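The values are calculated or read from the model by the stated rules, or taken from the named source; none is laboratory data. All values derive from a computational prediction rather than experimental measurement. Methodologically, a virtual Cβ is constructed for each residue, glycine included, from the backbone with ideal geometry; neighbour enumeration extends over all protein chains shown. Just so you know, the surface numbers come from the protein's heavy atoms only, side chains and all, with ligands and any DNA or RNA stripped out. Shrake-Rupley method; radii C 1.70, N 1.55, O 1.52, S 1.80 Å.
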Amino acid sequence: MPKKLYIQNGHIVDPSQNLDGPGDILVEDGTIVSVDVSSAKSRTKARPAPGEAHVFDAAGMYVVPGFIDMHVHLREPGFEHKETIETGTKAAVKGGFTSVCCMPNTSPVNDSHVVTGFILNRAAETAVCRVFPIGSITKGQRGEELAEIGCMHDAGCVGFSDDGKTVMNSLIMRRALEYAKAFGSILISHAEDSVLAEDGVMNEGSASAHFGLRGIPAAAEEVIVARDIILAQMTGGKVHIAHVSAKGSVELIRRAKKDGVNITAETCPHYFTLTDMAVAGFNTAARVNPPLRSDEDVAAMKAGLADGTIDAIATDHAPHHRDDKLVEFDKAMSGISGLETALALSLQLVRDGVLTMSQLIAAMSCAPARILGLPLGTLSAGAPADVTVFDPKPCWTVDSQQLISKGRNTPFHGMTVQGLPVMTIVGGNIAYSL
Amino acid sequence: MNLKHLISMRDLSRADIHQILDTASSFKDVLKRDIKKVPALRGKTVVNLFYEPSTRTRTSFEIAEKRLSTDVVNFAVSSSSVTKGESLFDTIKNIEAYGVDFVVVRHASSGVPNFIAEHMDVSVINAGDGMNEHPTQALLDAFTIRDHKGSFEGLEVAIVGDIIHSRVARSDMIGLLMLGSQVRFVGPPTLLPPQPPPGVRMYYSLEEGLTGVDVIIMLRIQMERMNKSFFPTTADYFSHWGLTKERLARARKDAIVMHPGPMNRGIEISSDVADGPQNVILQQVTNGLAVRMSVLYHLSGGEYHA
């Protein structure tokens with residue numbers, strides 16, 4: 001097997017270098033050696049001799065910096081019946097992701113460097129893409145005392161979050177924002193006022209009134225977004241709002257960015273694709289937190305991505321076992337298995353003219369790298385060779401039983417979508433190929 | 001009417017509702033006979049699966065089932081494997097394996113009757129799911145209204161109290177709007193939906209909400225709502241939304257007062273109204289038997305002629 005990999009004739013989109021056009025890429029020893037976007041004629045001349053490199057012809061496909069999912073749940077340690085680092089990363093590369101950031105709500109919680117070390121060791125043994133752990137902000141995610149943010153940072157955590165729960169105590173959140181500054185670390189805010197959300201199970205609105213289910217108001221998200229903007233402004237700390245779902249949150253973040261607050265945000269494919277009507281028939285696959293919201297909120301997610309208010313698209317990949325969803329709607333676990341459908345759903349934004357292809361690739365690769373300070377999300381010479389090749393054309397029907405992830409919980413089951421990863425290259429190795 | 005389940009009032013057409021009420025009228029005559037039992041559903045088995053404490057609805061269903069000669073099994077949750085941690089899915093699969101014909105289910109979670117209908121081969125009757133629906137209550141309310149008012153067209157119906165948590169209010173609203181009545185919701189803003197559903201007018205003032213109405217449906221106020229700050233005290237609630245004789249005088253002279261029970265006297269309704277000449281509360285209870293017999297009869301194919 002030649003050590004060189006040559007991907008030719010693809011449409012290269014790399015927002016980090018403002019590249020958008022046909023070109024070839026040469027990879028060697030896990031690194032990008034060169035990107036050639038000169039004329040077809042001159043590229044033909046520069047190509048390696050037969051046998052010198054593994055050549056992949058990407059005609060009709062896009063060749064882009066590997067996707068980085070800054071928000072997944074890999075469930076290991078503790079919930080290996082839902083997902084493992086191995087199965088989750090296999091799902092990731094099938095979805096075109098070369099890096100994932102795993103949230104700390106495992107058992108035990110990733111609230112110490114020991115757990116961080118365990119995750120990284122398991123990743124070294126079993127993962128097929130890069131795994132970057134997110135540590136918890138508070139011990140046990142209980143919201144009461146700070147976890148060992150410094151030691152976890154040293155052990156490899158790239159950010160901190162109590163994801164799944166909100167740090168409801170504003171003083172603790174203030175201290176965390178201040179303390180994390182020492183390490184340049186970002187706090188990822190799961191924004192939901194748990195008191196205001198009470199025991200709601202879906203978005204509060206005409207749909208919850210129609211279905212007779214208890215609602216969670218958009219205000220439950222918005223008040224915490226507003227609080228965290230104020231605390232970020234006050235402390236100068238870095239805050240990233242996870243899984244933005246509400247129109248009001250987008251408006252608050254837009255204003256905060258204008259005011260120069262150190263804030264970034266992500267949303268997920270389900271929040272710009274589905275509304276709360278997806279829970280029709282008490283479909284527990286559509287139960288997710290924050291909940292799917294209204295048409296207006298869906299439109300606001302698109303507008304927020306288009307004008308850069310929302311920096312990144314993350315999946316919030318939350319695999320669950322069948323038994324966790326085959327229950328009363330009230331008892332069903334929240335979450336969507338999202339890694340394998342994310343690209344096709346996001347490409348719809350390009351087909352609909354909401355985003356340019358370059359903006360989409362930025363949201364799925366460059367922006368997460370920038371937010372987390374990772375030396376990835378680029379095809380520039382010398383960078384690690386994390387590359388995704390995808391074909392935007394094939395239409396396929398989502399079949400939950402065909403997912404690689406152990407979590408078959410998807411509200412997109414049966415939906416016909418368009419676009420498919422063809423090859424996922426992690427550090428120069430082909431981690432997935434269609 | 002080709003109906004397998006009764007889960008939501010939305011399952012029914014206007015014609016279906018009238019047909020169920022017509023059959024209920026015949027069964028009401030049966031209930032006045034010396035021998036009150038008919039063999040309409042002989043050989044059929046009904047399981048009453050009540051996950052929430054209920055005396056009235058469960059008793060009403062059980063009597064209705066026995067009047068139709070079905071075999072009745074009461075699945076009492078507190079003494080069952082559910083308290084040992086069995087999932088709903090496993091419980092209903094076990095019941096299905098017994099080979100029963102009907103499941104009458106009450107559950108604190110909205111959507112459980114849909115879940116059972118999806119995973120179990122039986123006819124499902126919703127006896128109240130979470131804050132979603134209680135269709136047999138809506139049908140017996142409709143029966144009682146038709147009994148007194150003759151028709152539904154143009155009637156003004158006020159539903160008063162804890163609207164947002166009430167499956168009775170939701171099923172009544174769906175049914176009455178379908179039948180051509182005007183529906184009003186009356187209560188404190190904390191217990192009303194943030195926006196009125198299509199076709200419904202909302203009132204914070206009971207005096208205004210009752211003005212000129214033909215029918216008043218009072219809802220039970222649960223004490224736990226007070227503990228969660230939906231209103232400050234029962235006294236504060238009663239002084240603004242309790243149905244008194246004086247407030248009742250705002251309604252039409254021939255207005256009827258209904259209540260699904262159990263009542264809280266002195267909280268949502270005063271005793272002089274609860275026991276007064278306009279109340280039809282106990283008629284609702286009797287009508288409930290006839291309506292539930294009718295529903296079971298229609299779901300089983302409706303071939304017997306009483």
- request: Return the long-range amide H neighbours of residue A:186 (sequence gap of 5 or more, or a different chain), with a cut-off of under 5 Å between placed amide H atoms.
  value: A:160
statement: Mean-square fluctuation maximum in Gaussian network of chain B, Cα pairs under 10 Å, restricted to B:109, B:87, B:205, hits B:87
query: Across region A:106-113, in residue order, what do the Karplus-derived ³J(HN,Hα) couplings come to in whole Hz, using 6.51 cos²θ - 1.76 cosθ + 1.60 with θ = phi - 60° and x for Gly and Pro?
result: 9, 10, x, 4, 6, 10, 8, 5
Proximal lysines relative to residue B:44, as straight alpha-carbon distance under 17 Å, when same-chain residues fewer than 8 apart are discounted: B:4, B:66
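Give me the mean projected area, in nm² to one decimal, of the convex hull enclosing the Cα positions of region A:91-235. Each step should come with its number before you reach the end.
Details: hull surface 40.8 nm².
The orientation-averaged projected area of the Cα hull of region A:91-235 comes to 10.2 nm².
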- request: Please report, largest first and rounded to whole Å, the three semi-axes of the ellipsoid equivalent to chain B, where each semi-axis is the square root of five times an eigenvalue of the C-alpha gyration tensor.
  value: 32, 23, 17
Residue-level accessible surface for residue B:223, protein heavy atoms, 1.4 Å, Å²: 80 Å²
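Kindly work out what percent of the DSSP beta bridges joining two residues of region B:1-133 are antiparallel, to the nearest 5.
Values: 1 of 18 bridges.
Looking only at bridges with both residues in region B:1-133, the antiparallel portion is about 5 percent.
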- prompt: What accessible area per residue, rounded to a whole number of Å², is obtained for chain A using a probe radius of 1.4 Å?
  reply: 36 Å²
- prompt: At 4 °C and 1.567 mPa s, what whole-number value in µm²/s does Stokes-Einstein give for the translational diffusion of region B:135-283, with Rh from the Kirkwood sum over Cα pairs?
  reply: 86 µm²/s
message: Could you derive backbone 3J(HN,Hα) for region B:155-161 from the dihedral phi with the Karplus parameters 6.51, -1.76 and 1.60 (θ = phi - 60°), listing whole Hz in sequence and x where the residue is Gly or Pro?
response: 5, 9, 10, 9, 9, 10, x
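May I ask you to give the solvent-accessible area per residue for region B:138-245, in square angstrom, as obtained with a 1.4 angstrom probe?
On the way: 3960 Å² over 108 residues.
Ligands and nucleic acids excluded, the figure is 37 Å² per residue.
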query: Protein chains only, probe 1.4 Å: how do A:396, B:241 rank by accessible area, largest first?
result: A:396, B:241
task: Given the options B:249, B:274, B:64, state which has the largest fluctuation in a GNM of chain B using a 10 Å cut-off (strictly under) for Cα springs.
output: B:249
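Calculate what fraction, in whole %, of the accessible area of region A:115-154 sits on carbon and sulfur atoms when a 1.4 Å probe is rolled over the protein chains.
Details: 800 of 1700 Å².
In region A:115-154, the share of accessible area belonging to carbon and sulfur is 47 percent.
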- prompt: Against the longest alpha carbon principal axis of chain A, how many degrees, from 0 to 90 and to the nearest 10, is the axis of helix A:342-351 turned?
  reply: 80 degrees
query: Residues of region A:196-223 losing 30 Å² or more of accessible area relative to the isolated chain, 1.4 Å probe, heavy atoms only?
result: A:198, A:209, A:210, A:212, A:214
- prompt: Per residue in region B:82-124, which ones lose no less than 40 Å² of accessible surface when going from chain alone to all protein chains (1.4 Å probe)?
  reply: B:89, B:109, B:110, B:115
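May I ask what percent, to the nearest 5, of DSSP beta bridges between residues of chain B are antiparallel?
Values: 1 of 37 bridges.
Here the share of antiparallel DSSP bridges comes out near 5 percent.
How much of the DSSP bridge set in region A:1-72 is antiparallel, in percent, rounded to the nearest 5?
Working: 14 of 21 bridges.
Of all bridge pairs located within region A:1-72, approximately 65 percent are antiparallel.
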query: Using the alpha-carbon atoms, what tilt in degrees (0 to 90, nearest 10) does helix A:85-94 show relative to the longest principal axis of chain A?
result: 60 degrees
field: region B:103-121-region A:262-327 distance, computed between alpha-carbon centres (Å)
entry: 27 Å
field: Heavy-atom accessible surface that B and A bury in contact, both chains counted, 1.4 Å, Å² to 100
entry: 1300 Å²
- prompt: Given +1 on the Cβ of Lys and Arg, -1 on the Cβ of Asp and Glu, and no further charges, what dipole in debye does region B:1-40 carry about its Cα centre, rounded to the nearest 20?
  reply: 140 debye
message: Given a 1.4 Å probe and heavy atoms of the protein chains only, how would you sort A:20, B:214, largest accessible area at the top?
response: A:20, B:214
statement: Partner shielding of B:128-135, as the mean number of partner chain Cβ atoms within 10 Å, equals 3
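Where does each of A:37, A:417 land when they are ordered by accessible area, with a 1.4 Å probe and the largest first? Please list the in-between numbers first.
Numbers: A:37 70, A:417 15 Å².
Result of the area sort, largest leading: A:37, A:417.
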message: Let me check I've understood the local charge: for residue A:408, count other residues with C-beta under 15 angstrom from its C-beta, Lys and Arg +1, Asp and Glu -1. What total comes out?
response: +3
message: If you count only protein heavy atoms with a 1.4 Å probe, what accessible area per residue comes out for region B:1-135, rounded to a whole Å²?
response: 43 Å²
Hz values of 3J(HN,Hα) by residue in region B:52-66 - Karplus curve (6.51, -1.76, 1.60), Gly and Pro given as x: 10, x, 7, 9, 5, 5, 5, 5, 4, 4, 5, 5, 4, 4, 5
message: Let me understand chain A better: what is its radius of gyration from the alpha carbons, and its Dmax, in angstrom?
response: 20.9, 67
message: Output the 0 to 90 degree angle, nearest 10, between the alpha-carbon long axis of helix A:295-306 and the longest principal axis computed from the alpha carbons of chain A.
response: 40 degrees
- request: Taking amide H positions as placed in the peptide plane 1.01 Å from N, state which residues far from residue B:127 in sequence (5 or more) or on other chains have amide H under 5 Å from it.
  value: B:105, B:106
statement: Across A:360, A:379, A:171, the residue with the highest GNM fluctuation in chain A (Cα network, 10 Å cutoff) is A:171
